[in-house]
Amino acid sequence: MKKYIILVCAALLLLPMVPMKAQAGQFGDLLIELETSVNYSAQTDQWRSRRSGWISQVRSAGDNLELLKNLLIEFETNVKYDAQVGSWSSNRSEWLSNVRNADSINQLGQLMIEVETSINYSAQTSNWSSRRPGWLSRVRAVY
């Protein structure tokens, strides 16, 4: 009986950690989906050689919030300025600060939506406009 109580207590302590890990994994999948929506022509030349390593890091980031923040910033940094809306240049420094100060996957999800909004549709794949509503719903479900 004592072992059973210990197992139940351990499970109850670990249970709140499960959604965070699930959310972090979902966040990574959604970040990769966003990256694949951007045409190569709208990304920096350096991105082509970095991309596969970046995807591997996103997939293995787990619930490492600091790493996910850095990977989101790295993605945004490699989207060419001319592929983003004109107002982004004045909003970017605040966005960067918000990403660096985010303390949850929830906040990072909202910031990922902000960077997606900064990207011109002309810089994204032709099927993104039909995929975007589902992507937005899944990002919002993470937080």
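The values are calculated or read from the model by the stated rules, or taken from the named source; none is laboratory data. Keep in mind that what you see is a predicted model, and the values were worked out from it rather than measured. With ideal geometry, Cβ positions are generated from the backbone for all residues, glycine too; neighbour counts draw on all protein chains shown.
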*Within segment 108-131, is there a residue that is buried (at least 16 other Cβ atoms within 10 Å of the Cβ) and among the basic types (Lys, Arg)?*
no
_Quick check on THR117: is it over 24 Å from GLY62 (Cβ atoms), of a type outside the set (Gly, Ala, Ser) and in contact (Cβ under 8 Å) with a residue 40 or more places away in the chain?_
no
*Going through segment 36-75 one residue at a time, which ones are modelled with pLDDT under 95 and buried (at least 16 other Cβ atoms within 10 Å of the Cβ)?*
ASP63
*For segment 120-140, which residues satisfy the criterion of being of a type outside the set (D, E, K, R), touching a residue at least 40 places away in the same chain (Cβ under 8 Å) and under 25 Å from ASN64 (Cβ atoms)?*
TRP135, VAL139
